[in-house]
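Working notes, structure below.
The values are calculated or read from the model by the stated rules, or taken from the named source; none is laboratory data. Predicted, not measured: the structure shown is a model, and the values here were computed from it. Positions of Cβ are backbone-derived with ideal geometry, glycine not excepted, and every protein chain shown enters the neighbour counts. SASA here: full protein model, heavy atoms, side chains in, ligands and nucleic acids out. Shrake-Rupley method; radii C 1.70, N 1.55, O 1.52, S 1.80 Å.
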Amino acid sequence: MTQTTSSALPRSAIWAFGLVAMPLSTIGLPLTIYLAPFYAGEMGLSLAALGTAMLIARFADICIDPFIGAFSDRLRGRFGRRKPFLVVGSIVLLLGMSQLFNPGKGVTMVYFLGWLAVMYAGFSLIQVPHRAWGAELSPYYDERTRISSVRQFFSTGGLIVSTLVPAVVLGQAGAKSSDVLFALTVMTLIALPIVAGINLYFTPEPPPTPRPPRARFDWKANWRALRRNGPLQCILLVVFIGFSAETFRQTLTVFFARDVIGVKNLGLVYVYYFISAFCGVPCWRWLAKRTSKHQALAAGMVIAICTNLGLFLLGKGDTALFTAMFILKGFCFGALDLLPAAMLADAADVDSAITHKSRNGLLFAVFGVVTNLGQAVGQGASLNALSWVGYRAAGETDPSALASLSLLYAVVPSLALALAMFIALRYSLTANRHENLRIFLQRRKSLSNT
């Protein structure tokens with residue numbers, strides 16, 4: 001049965017909805033790449049303290065996400081359930097960003113942690129209800145895919161913008177991280193209210209369902225289901241280790257590129273990185289279809305490990321080789337970002353077979369929490385490690401400190417990715433097994449309906 005076109009959403013509604021993802025992804029990357037070098041190198045704060053503050057803020061963000069989602073589910077008002085969060089979240093995010101990206105002289109760690117927490121809260125107030133809104137826009141399978149695809153299109157566009165802006169700014173003589181953050185602030189202050197307004201005007205919010213009854217969450221039953229679901233355990237562990245490793249490396253990129261290699265314009269290198277990532281996505285889809293998802297994911301990790309180890313061998317002036325390896329690493333981005341979510345969708349069918357329930361929303365929420373935990377651990381551990389080896393964030397020339405930085409940047413993440421790769425290869429839900437599982441679930445559903 002095909003989807004009828006009479007009930008399809010207008011194209012303007014879908015594109016207006018997806019447009020919000022662009023400014024969010026545009027300012028997400030600088031939080032990882034440029035914030036720590038700016039506050040440590042230009043504002044003089046401790047790397048270890050910055051890493052700890054980022055870890056605390058990320059954990060606080062993880063804790064509030066479920067409450068924001070539950071509140072938006074239960075909210076009933078004349079303006080809808082999801083739209084008010086877009087308005088409030090935009091205000092909170094812009095306020096936090098303006099203060100965090102443009103501090104005055106003599107800032108303290110309390111200032112940094114406070115405004116970072118405000119900015120993370122703004123992100124959550126927008127993202128959690130906005131994703132729920134997208135799931136409610138259409139009940140049709142194909143149209144939901146279309147909505148998600150448009151949102152991902154704008155998200156990828158935002159990542160490219162987030163690299164183009166630093167490339168242009170850092171191309172000017174004497175430009176610093178503070179100039180990049182100021183340019184991104186001005187752009188976001190203009191763009192986010194505009195796209196939010198377009199979203200609110202053109203995208204309808206479906207009428208709310210009856211308020212769900214309060215129900216006790218059975219922790220023991222959910223834990224038993226998780227312990228019986230081997231594929232789910234496997235992919236969650238791979239995601240945690242993989243995101244920890246990549247965030248660990250990514251947080252150190254500015255320091256490594258500047259002090260070890262001597263890269264003059266890292267922003268331009270990141271432009272090439274994300275263009276390569278965009279081009280690599282169809283290739284990883286093809287490889288996953290020809291082999292299997294977990295084998296394609298393992299292949300992506302092998303390439304990432306090899307490029308990491310290759311970067312370890314580079315030295316001052318090897319900018320061309322650094323750029324080439326970075327482009328190759330970008331090609332792997334699609335595998336590490338796309339395939340785990342697809343594998344989780346298959347593991348969710350195992351959960352349905354165990355629990356006799358459809359709990360995709362809960363499982364993807366757990367997936368998000370694990371992803372954020374991995375990012376928090378990687379970011380906090382990397383900055384603390386730099387502090388432990390005595391690295392000077394304002395600019396390092398000591399050979400022993402630079403050797404330690406190279407080791408942390410290239411070798412440590414490679415070891416973690418190698419562990420994640422071996423775990424991924426143990427993922428047992430192959431295409432044939434999943435097809436048998438799908439048939440079983442379909443038969444059980446048919447019997448329950450008779």
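Would you check if there is a residue in region 262-272 being closer than 25 Å to residue 377 by Cβ, assigned to a helix (DSSP H, G or I) and at pLDDT 90 or above? Scanning region 262-272 turns up no residue that is closer than 25 Å to residue 377 by Cβ, assigned to a helix (DSSP H, G or I) and at pLDDT 90 or above. Taken over region 309-328, the residue count meeting the criterion of being of a type outside the set (A, V, I, L, M, F, W, C), assigned to a helix (DSSP H, G or I) and either more than 14 Å from residue 261 (Cβ to Cβ) or open to solvent by 20 Å² or more (accessible area, probe 1.4 Å) (or both) is 2. If residue 209 passes every condition in (1) polar (S, T, N, Q); (2) at pLDDT 90 or above; (3) more than 25 Å from the chain's Cα centre (by Cα) but one, which one does it miss? Condition not satisfied by residue 209: (2).
Elements of the type helices (runs of 4 or more DSSP H) sitting completely within region 390-450 and holding at least 1 residues that are over 25 Å from the mean Cα position of the chain (by Cα): these cover 399-406, 431-449.
The criterion of being over 26 Å from residue 72 (Cβ atoms), at pLDDT below 80 and open to solvent by less than 60 Å² (accessible area, probe 1.4 Å) holds for residue 163.
Look at (1) open to solvent by 30 Å² or more (accessible area, probe 1.4 Å); (2) more than 21 Å from the chain's Cα centre (by Cα) and you find that residue 56 fails only one, number (2). Would region 34-44 turn up any residue that is assigned to a loop (DSSP other than H, G, I, E, B), at pLDDT below 80, closer than 21 Å to residue 104 by Cβ and open to solvent by less than 50 Å² (accessible area, probe 1.4 Å)? Taking every residue of region 34-44 in turn, at least one turns out to be assigned to a loop (DSSP other than H, G, I, E, B), at pLDDT below 80, closer than 21 Å to residue 104 by Cβ and open to solvent by less than 50 Å² (accessible area, probe 1.4 Å). Restricting 415, 407, 419, 402 to those that are modelled with pLDDT under 90, closer than 23 Å to residue 325 by Cα and open to solvent by 30 Å² or more (accessible area, probe 1.4 Å) reduces the list to 402.
Annotation note: Cβ proximity below 9 Å between a residue of region 291-306 that is free of Cβ contacts under 8 Å to residues at least 40 places away in the same chain and at negative phi and a residue that is open to solvent by 10 Å² or more (accessible area, probe 1.4 Å) and part of a loop (DSSP other than H, G, I, E, B) (sequence gap 6+ or interchain) occurs for 299/291.
The single condition among (1) of a type in the set (Val, Ile, Thr); (2) modelled with pLDDT of 90 or more; (3) buried (at least 21 other Cβ atoms within 10 Å of the Cβ); (4) out of contact with any Ser or Thr (no Cβ under 6 Å at 6 or more places or on another chain) that residue 302 does not satisfy is (3).
Scanning region 244-267 for residues that are open to solvent by less than 10 Å² (accessible area, probe 1.4 Å) and in contact with a Pro (Cβ under 8 Å, 6 or more places away or on another chain) turns up 245, 249, 255, 267. Within region 221-235, being buried (at least 21 other Cβ atoms within 10 Å of the Cβ) and assigned to a helix (DSSP H, G or I) holds for 231, 232, 235. In region 88-127, of all residues being closer than 21 Å to residue 200 by Cβ and open to solvent by 40 Å² or more (accessible area, probe 1.4 Å), the one that is modelled with the lowest pLDDT corresponds to 127. Scanning region 10-28 for residues that are open to solvent by 20 Å² or more (accessible area, probe 1.4 Å) and part of a helix (DSSP H, G or I) turns up 11, 12, 15, 19, 22, 28.
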